[in-house]
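Student: Right, I'll just put the structure down here and ask away after.
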Ligand SMILES: Cc1ncc(COP(=O)(O)O)c(C=O)c1O
């Protein structure tokens with residue numbers, strides 16, 4: 001069933017089962033999250049990110065709680081993506097170097113003989129920015145190197161940030177995201193580089209799976225920090241869906257007795273999960289052309305096929321949001337109510353807050369999403385001001401704070 005509201009389309013998921021065309025994220029169980037958490041905790045820069053309670057906002061909007069897991073401080077990278085890139089790189093290096101990932105940790109990568117081998121390994125990836133920054137940072141940590149290809153329209157500030165994060169060169173191409181991935185794949189084949197990509201295709205599924213595993217760390221931290229505040233509603237923004245799918249799987253397994261309402265949120269013009277769910281044949285579908293949105297991290301044309309079946313079968317709602325929704329979210333995070341903490345959230349980070357605020361203010365939307373005064377809402381701010389110029393324009397320009 002589909003519903004249209006101002007700037008927002010909502011697809012209520014029929015949750016079909018038994019599609020023939022894809023398996024589910026095959027290896028999820030809580031031990032996977034324990035492995036990723038163990039690895040991340042071994043990195044000297046590791047700190048759990050904050051879970052921030054927006055209590056005054058919750059009171060004004062007549063819900064029990066609104067919590068934001070603020071990933072903008074993750075590893076000093078201004079976004080959550082280093083979790084996936086670093087864990088996948090760790091698993092790939094363990095595989096290449098014949099190390100057992102269960103007993104190897106970050107300290108082992110400081111040994112001279114291992115570093116010598118790592119120095120000969122080169123990675124490639126395609127990304128709008130944050131995944132590339134994570135890959136560059138991880139390459140620096142492990143003593144490897146990387147090349148990052150960015151789609152047309154990527155901003156120079158993000159390109160520079162990738163190079164400065166670790167050990168990568170970054171290039172803005174004329175391609176859209178999917179074409180940039182193909183380009184990275186072709187060059188990796190020609191140069192014996194290792195492609196470390198968060199989207200998947202037939203025969204390229206293992207590395208994206210490890211990237212998804214890496215994101216479980218943030219979900220595990222959030223569940224621990226929430227304690228008794230059991231979330232009833234979780235809003236997850238999606239590009240290819242790697243983060244949303246992994247976090248959804250983890251939280252549904254954590255709260256299996258009382259599963260939260262799970263909503264997947266995308267930009268209107270790049271809503272490939274929405275399109276795939278609406279098409280209803282169980283398969284991933286692609287948004288053609290060059291979609292334009294300020295939510296650069298969510299501007300992806302095709303769902304990651306490894307995680308799509310989990311999202312397809314387990315999400316309750318898909319929402320496609322116009323850019324104004326994330327602008328509202330960015331402003332509301334930056335200029336909070338009362339004593340709530342101010343949060344710096346970038347374009348791809350704030351859309352879920354913008355959407356949640358619209359839902360909470362509108363009786364029809366509250367009813368549709370089954371929100372009431374006992375509801376506890378969990379949001380993830382996936383990035384800080386990764387495009388500082390646009391951030392200033394939006395937050396200190398003339399978007400109305402609601
Ligand atoms: C800030 C931010 N949020 C969310 C996402 C979406 O993650 P995924 O592509 O795994 O769906 C991205 C992807 O790059 C991102 O950079």
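The values are calculated or read from the model by the stated rules, or taken from the named source; none is laboratory data. For clarity, every value in this text was computed on a predicted model and none was experimentally measured. Cβ coordinates were reconstructed from backbone atoms using ideal geometry, including for glycine residues, and neighbour counts include every protein chain displayed.
Student: Condition first: more than 16 Å from the ligand (Cβ to nearest atom), under 18 Å from residue 52 (Cβ atoms) and in a loop (DSSP other than H, G, I, E, B). Now tell me which residues in the range 341-380 satisfy that. Walk me through it before giving the result.
Tutor: Let us first name the residues in the range 341-380 that are more than 16 Å from the ligand (Cβ to nearest atom), namely 341-342, 357-377.
Now drop any that are not under 18 Å from residue 52 (Cβ atoms), which leaves 341-342, 357, 360, 375-377.
Listed by number, the residues that qualify are 341, 342, 375.
Student: Sort through 227, 282, 246 and tell me the only one that's at positive phi and either touching a residue at least 24 places away in the same chain (Cβ under 8 Å) or within 16 Å of the ligand (Cβ to nearest atom) (or both).
Tutor: On the way: 227 fails: either touching a residue at least 24 places away in the same chain (Cβ under 8 Å) or within 16 Å of the ligand (Cβ to nearest atom) (or both); 246 fails: at positive phi.
It is 282.
Student: Just to be sure, is residue 234 within 16 Å of the ligand (Cβ to nearest atom) and under 21 Å from residue 64 (Cβ atoms)? So that I can check it myself, show each step before the final result.
Tutor: On the way: within 16 Å of the ligand (Cβ to nearest atom): yes; under 21 Å from residue 64 (Cβ atoms): yes.
So residue 234 passes the test.
Student: Tell me the residue from 338, 349, 297, 329 that is under 21 Å from residue 65 (Cβ atoms) and within 16 Å of the chain's Cα centre (by Cα), please. Break it down stepwise before answering.
Tutor: Details: 338 fails: within 16 Å of the chain's Cα centre (by Cα); 297 fails: under 21 Å from residue 65 (Cβ atoms); 329 fails: within 16 Å of the chain's Cα centre (by Cα).
So the residue among 338, 349, 297, 329 that is under 21 Å from residue 65 (Cβ atoms) and within 16 Å of the chain's Cα centre (by Cα) is 349.
Student: Taking the range 224-249 on its own, how many of its residues are crowded, with 20+ Cβ neighbours inside 10 Å and farther than 21 Å from residue 89 by Cβ? Talk me through it step by step, then tell me what you get.
Tutor: Taking the range 224-249 first, the residues crowded, with 20+ Cβ neighbours inside 10 Å are 226, 231-249.
Now restrict to residues that are farther than 21 Å from residue 89 by Cβ: 226, 231-238, 244, 248-249.
Total meeting the criteria: 12.
Student: Here is a follow-up. Looking at the range 224-260 only, could you name the residues that are more than 18 Å from the chain's Cα centre (by Cα) and not in a loop (DSSP other than H, G, I, E, B)?
Tutor: First, the residues of the range 224-260 that are more than 18 Å from the chain's Cα centre (by Cα): 224-232, 253-260.
Listed by number, the residues that qualify are 224, 225, 226, 253, 254.
Student: What's the number of the condition residue 81 fails, among (1) farther than 18 Å from residue 244 by Cα; (2) surrounded by 24 or more Cβ atoms within 10 Å (Cβ to Cβ)?
Tutor: For residue 81, the exception is condition (1).
Student: Step by step: first the residues of the range 263-305, then only those that are touching a strand residue (DSSP E or B) at 6+ places or on another chain (Cβ under 6 Å) and outside any helix (DSSP H, G or I), then the one that is nearest to residue 384 (Cα to Cα). Which residue is that? Break it down into steps so the answer makes sense when it comes.
Tutor: Going through the range 263-305, the residues touching a strand residue (DSSP E or B) at 6+ places or on another chain (Cβ under 6 Å) turn out to be 263-266, 268, 271, 273-274, 277-278, 293, 295, 298.
The next check asks that each one be outside any helix (DSSP H, G or I); those that pass are 263-266, 271, 293, 295.
On the way: 263: 22, 264: 20, 265: 18, 266: 18, 271: 22, 293: 17, 295: 12 Å.
Looking at the filtered set, the residue picked out is 295.
Student: Between a residue in the range 289-302 that is assigned by TED's automatic domain parsing to the domain that holds residue 174 and any residue that is within 12 Å of the ligand (Cβ to nearest atom), which pairs come within a Cβ distance under 7 Å, given they are 6 or more apart or on different chains?
Tutor: none
Student: Only one of (1) at pLDDT 95 or above; (2) away from the ligand (no atom under 16 Å from the Cβ) fails for residue 396. Which number is that?
Tutor: Result: residue 396 fails condition (1) only.
Student: Given 152, 161, 157, which one is surrounded by fewer than 23 Cβ atoms within 10 Å (Cβ to Cβ) and part of a loop (DSSP other than H, G, I, E, B)?
Tutor: On the way: 161 fails: part of a loop (DSSP other than H, G, I, E, B); 157 fails: part of a loop (DSSP other than H, G, I, E, B).
Among 152, 161, 157, only 152 is surrounded by fewer than 23 Cβ atoms within 10 Å (Cβ to Cβ) and part of a loop (DSSP other than H, G, I, E, B).
Student: With the checklist (1) outside any loop (DSSP other than H, G, I, E, B); (2) more than 13 Å from the ligand (Cβ to nearest atom) in hand, flag the one item residue 310 doesn't pass.
Tutor: With respect to (1) outside any loop (DSSP other than H, G, I, E, B); (2) more than 13 Å from the ligand (Cβ to nearest atom), residue 310 is out only on (2).
Student: Examine the range 258-267 for a residue that is out of contact with any helix residue (DSSP H, G or I) (no Cβ under 6 Å at 6 or more places or on another chain) and at positive phi, and state whether such a residue exists.
Tutor: No - not one qualifying residue is present in the range 258-267.
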